[in-house]
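These notes are about the structure you will find just below.
The values are calculated or read from the model by the stated rules, or taken from the named source; none is laboratory data. Quantities reported herein were computed from a predicted structural model and do not represent experimental measurements. Neighbour counts run over all protein chains shown; Cβ positions are idealised from the backbone, glycine included. These area figures cover heavy atoms from the full protein model, side chains too; ligands, DNA and RNA do not enter into them. Shrake-Rupley method; radii C 1.70, N 1.55, O 1.52, S 1.80 Å.
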Amino acid sequence: MSGREAFAREKYLRRHMPDALPGLEKFSRVVVLPAWNELEFLPETLDSLEQAEKPVPVAVLVVVNHPRGSDPAPSIAAAEFLRVRQQTDKSLFFLEAPDLDGGVGEARKRGMDAYLGARSVATAASDWIFSLDADAPVARDYFVRAEAAFRSIPDATGWTFPYRHRADPETLTAVRRYEEHLARYAAKLREARSPYAIHTIGSAFCVRLDHYLKADGMKIRPAGEDFYFLCELVKTGKVSEMDGEPVVFPSGRISGRTPFGTGRAVRGILAGDPPEEIPDEAFAELKALLETIEDPRFGEAPEEWFSALPEVARAFFAAEKFPPLWEKVLRNTPRNAEARRAAFHRWFDGLKTLRFLHFVRSMRGSAAI
């Protein structure tokens, strides 16, 4: 980190006051996994991490939590289990985070912040945080594949891992249907050449520590914290996707803990309410829009660019009050197309992209597209 980045780190740590975990500072890799009422799954996941091949030492940090007002007994039992396990596993750490209001996102943040506080400024560019869940065991080559990926693209700011949900026979078809839905969305964004064409599964990504800070850490949200964080991470650099066979195996169990996500989506599919697919034509509109910013002169004549956009894109940007905002952004952006494209993508991020696609669908109507 530079002196400026070191100052940003200290400012961040003062704001968030991370938990101190002596010994964590010795590890250049950490796996952070929240655990709430998941003691039946946690041993299998920890066993898979312990048995995985490790090119470098890896710490495992479990954040034992429960929402405010919920029964603390499962968390007390999990903490006791971890204390016993620590006696034979010196790379295992845990912290207790009772009465959280921010759900799994807040628990994930507590663990990641603790690691940021433990490590040195000098090593942050080569330190990595793996994001996992208590019910998501990993393949034996999980870390080996990760280290190979890090070497293949050294300037990557984060990676997403191939995953495959586990499910019982009653829910397997619904789980695979949801996976297809997620894969189609990412693939269509990739075809449109969106920088946000990545999977956003909380148990299947890792982030370089210095870019965790640049993205201003994990935000506390009732749900979707992985989506929002990875979108912010894209703005700091290149998030890459690992190819090949799955290395993470999350649970596809039915759940209503969060307003949206895998568990709720699977429950909806089983009830005959599958996730609504965005029409191909909406992605075609996105591709056409993104092609316009590849012009070497992009940003030199914003009014001309805006007036030449397809009608539906102009309507979206007008509704978002983009034109006056864009003029202000351009005044504070270096005068070259690359910098202007980067500024555009910071505004037109993963969430705005999704809203644009829904806007196109609503404006044209699925039957009429």
Rounded to whole Å², per residue accessible area for region 79-132 with a 1.4 Å probe reads 37 Å²
Cβ under 12 Å from Phe227's Cβ, Phe227 left aside: what net charge do those residues give with Lys, Arg +1 and Asp, Glu -1? -2
Net charge of Cβ neighbours under 14 Å - reference Ala301; Lys, Arg +1; Asp, Glu -1: -2
If I take R0 = 45 Å and measure r between the Cβ atoms of Arg355 and Glu80 in this structure, what FRET efficiency does the formula 1/(1 + (r/R0)^6) give, to the nearest 0.05? 0.50
Using a 1.4 Å probe on the protein heavy atoms, what percent of the accessible area of the chain belongs to carbon and sulfur? 53 percent
Okay, helix-only estimate at 222 nm for the chain: each DSSP H run of n ≥ 4 adds -39500 (n - 2.57), divide by all residues, round to 500 deg cm²/dmol; what do you get? -15000 deg cm²/dmol
Between Ala318 and Glu191, what's the calculated FRET efficiency when r is the beta-carbon distance and R0 is 22 Å? Round to 0.05. 0.25
Can you pull out the GluC sites (Glu not before Pro) in region 52-155 that DSSP calls coil and that have at most 10 other Cβ atoms within 10 Å? none
May I ask you to compute the full-extension gain from Glu338 to Arg267, defined as 0.36 nm times their residue separation minus their alpha-carbon distance, rounded to one decimal in nm? 21.2 nm
Extension gain Val144-Glu170, at 0.36 nm per residue separation less the Cα-Cα distance, in nm? 6.0 nm
Sequence gap at least 6, Cα distance under 8 Å: using those rules, report the relative contact order of the chain to the nearest whole percent. 17 percent
Mind running the shape call on region 1-78? Use the C-alpha gyration tensor, a ≥ b ≥ c as the square roots of the eigenvalues: rounded below 1.5 for a/c, prolate if a/b tops b/c, oblate otherwise. oblate
Distance in Å, no decimals, from the C-alpha centre of region 1-50 to the one of region 71-102 is 14 Å
Which pairs, out of Lys238/Lys328; Lys26/Lys219; Lys26/Lys188, put more than 30 Å between their alpha-carbon atoms? Lys26/Lys188
Where both partners of a DSSP beta bridge lie in the chain, what percent of those bridges are antiparallel, to the nearest 5? 25 percent
Could you check the simple spin-label distance between Glu44 and Ser28, using points 7 Å along Cα→Cβ, in nm with one decimal? 3.3 nm
Cα gyration tensor of region 29-134, axes a ≥ b ≥ c as square roots of the eigenvalues: rounded (a/c below 1.5), prolate (a/b > b/c) or oblate? oblate
